[in-house]
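So the structure is just underneath, and the comments pick up after that.
The values are calculated or read from the model by the stated rules, or taken from the named source; none is laboratory data. Because the structure is a prediction, the values reported are computed rather than measured. Ideal geometry is used to build each Cβ from the backbone, glycine not excepted, and the neighbour counts take in all protein chains shown.
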Amino acid sequence: MLEIGILGAVTVVIAILIRRRLSKVVFSGSVVCGLALISVSAWMMRPGQSKDDIVYVPVDELRPAQVAADGYISSESCKECHPNQHATWHASYHRTMTQIASPEAIFGDFNNVHVEARGKQFDLSRTEDEFFFEMSDLPSSETPNPNVVKNSIVMTTGSHHLQVYWYPSGLGRSLKILPIVYLREDKRWIPEAASFLQPPDEQTREDAGVWNHSCVHCHTTHGRPRLQMSIANLGDSMDTHVGEFGIACEACHGPAEAHVRRQRAAKLGALTETDTPDPIVNPARIKADLSAQVCGRCHSIMQPKSGLDLDWFNQAGFAFRPGQPLDETLDLIRPDEEVINSQMNAGSMTREQVMEAFDHHFWRDGSVRVIGREFNGLFHSACYQKGEMSCLSCHVMHKSDDDKRSIDEWRNDQLKTEALSDAACLNCHKAEDYQAVAHTHHPLETSGSQCVNCHMPHTTYGLFKTINSHTIDSPNVAVDLQSGRPNACNLCHLDQTLSWTADKLNEWYGIDKPEIPKDQQSTSAAALWAIRGDAGQRVIMAWHMGWQESMQVSGTDWMAPFLGKLLDDPYAAVRYVASRSLKRHSGYEALKYDFVGEASERQAAAEKVLQEFRLPGAESSDAERLNRLLLKEDGSLDLTSFEKLKAMRNERRVKLDE
């Protein structure tokens, strides 16, 4: 997405993909047939109007429209000559990032369901082809008969982990968000605000036009906001067009009209020597840096070049086309000294205020901490700067015929088969130097010898999970102490101290051991991050306590009380991840717990886990290990030490802008 004013009210910065998703009006009717949008009459009733004032409007006039323009002619034009590529793209989550509402697109439960969330109630229903909701505040003594909003769902965002729903605002083609989302794996509705890692008082941004001026740029192909007035009046001034809903062929290969025309002429033998070269771009056949920049246009944190005509941009969208250098139109954002100083000067902000703004996206060492911005990490890695690494070194956009994985396995991360092992790294790094115990200091068949686990640890968060950091670097305790980013060693060895890690790095690689805080010398680093870390650190610990590799390396017999305590964390996302991890531990598979349930019920669940926990075989356990894990001789949690550390918890507001 794109957001203005990320670093303050004075400074204008436009960052791509800042958020993945962010009146009485009644609408109905929406079907998709091939590429043709079939207009169905919708009726609209504004606040204060009676049913006699109902106005019937074609539904396709109330949502963004798919319109061919500027050489973009949609993926249908590709299928004739590229059926296999079209089929694998069609099966991908790129295609289904944005869809017109239909029974095929929607997986949320609209079968006469009643949902209550954050002081509102929702009644969800459907016909064979249409999806509706009624929304109102929960009745109270002050508002016994709250105002009811009735609408139809006309568009969706996402299809992998969760799905967001949009309805017409009734003002131009601008949309508003339904403030509940559907979790696919859990098969349940939750508040949209609870799906982000953000403070509990943060609410869903429900104003009209957010999708039209933000999400459209990266969640569709050739999105044009077509803002008719000023950005202060988004709601009634949007005539948004897209080349195609979802991320389609032309998003990566460029506009296809001239290519199709040229290929048809070639089939007819009508090409001449004076015809221009084929303009279509294949990211697999261009220079590595330009190839990565095709993905980087969306998978990054950027701002337009200085001097960009914002009026033009708000009309026509991005000028970048695949194959062009990204820095001709956009600047990559990184919290280095030059950028920090420029933000301080432009916005009259203190250094700490600037850094806190950057914290929404970056760790303090400059590595990206939120999903969807992988190019920022890749760009600043030596494998890109000094080598030939691109996104396609590991990822593949079209499943090949010899790939024996199922479509579901392939499309999860769209990884090459060789990227599932060290093979992708060994294309450049000699196996005899790097794929050896002398280098890894771990048995070769273990997770500790896998390149990505040490050099791309899971410190990037979003969608209730962590993914590999795309900043390719090596563990360094001194750097990690300054940045707050958990290091790779302690993300596998959850039961070990930071001092232990620093000793090993010094012994094996000659990395100087910094001065280690006293508590980090005797207590598990993961335990400290889980107890007194900020919300961003706590959620990463909660995830790793459910990650198979960490569970195997660290043992699971001690983790339950730490996950149990996180069931009552103030941040909903931390609670969700902690409960999911706890259910992966023996004895907790049937845990009854609702991460957005009543606070008293969450507290009771946390207390139950704590009361029932005893470390198996504690009486014969190593005393040093017990102390390191804050456990007493009888195997119970040392609550005195735990609460002392919890009182030191970093309570700063953490809001990760996915």
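Values computed for the structure shown
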item: Helices (runs of 4 or more DSSP H) fully within region 597-658 counting 1 or more residues that are within 22 Å of Pro199 (Cα to Cα) and in contact with a helix residue (DSSP H, G or I) (Cβ under 8 Å, 6 or more places away or on another chain); result: 599-612, 639-646
item: Subset of region 82-109 [assigned to a loop (DSSP other than H, G, I, E, B) and closer than 18 Å to Pro168 by Cα]; result: Ala101, Ser102, Ala105, Ile106
item: Residue identified as more than 29 Å from the chain's Cα centre (by Cα) and outside the structural domain of Ala87 (by TED's automatic domain parsing) among Gln263, Gln303, Gln315, Gln293; result: Gln263
item: Candidates Leu563, Leu528 - the one that is assigned to a helix (DSSP H, G or I), within 27 Å of Arg188 (Cα to Cα) and more than 21 Å from the chain's Cα centre (by Cα); result: Leu563
item: Residue count, region 435-467 (criterion: of a type outside the set (Val, Ile, Thr) and under 29 Å from Val370 (Cα atoms)); result: 16
item: Leading residue by the ranking (surrounded by the most Cβ atoms within 10 Å (Cβ to Cβ)) among those in region 171-187 that are farther than 20 Å from Pro64 by Cβ and out of contact with any Asp or Glu (no Cβ under 8 Å at 6 or more places or on another chain); result: Leu183
item: Region 72-81, residues that are assigned to a helix (DSSP H, G or I), touching a Cys at 6+ places or on another chain (Cβ under 7 Å) and of a type in the set (S, T, N, Q); result: none
item: Candidates Glu651, Glu607, filtered to the one that is loosely packed, with under 12 Cβ neighbours inside 10 Å and either modelled with pLDDT of 95 or more or touching a Ser or Thr at 6+ places or on another chain (Cβ under 6 Å) (or both); result: Glu651
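Condition check ((1) polar (S, T, N, Q); (2) farther than 24 Å from Lys644 by Cα) across all residues:
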| position | (1), (2) |
| --- | --- |
| Asn490 | yes, no |
| Trp500 | no, no |
| Pro514 | no, yes |
| Ala530 | no, no |
| Gly536 | no, no |
| Ile540 | no, no |
| Met545 | no, no |
| Val553 | no, yes |
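One line per residue, one yes/no per condition, for (1) among the β-branched types (Val, Ile, Thr); (2) modelled with pLDDT under 95; (3) not in a loop (DSSP other than H, G, I, E, B):
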| position | (1), (2), (3) |
| --- | --- |
| Glu128 | no, yes, no |
| Val149 | yes, yes, yes |
| Ser159 | no, no, no |
| Tyr167 | no, no, yes |
| Leu171 | no, yes, no |
| Trp189 | no, no, yes |
| Gln198 | no, no, no |
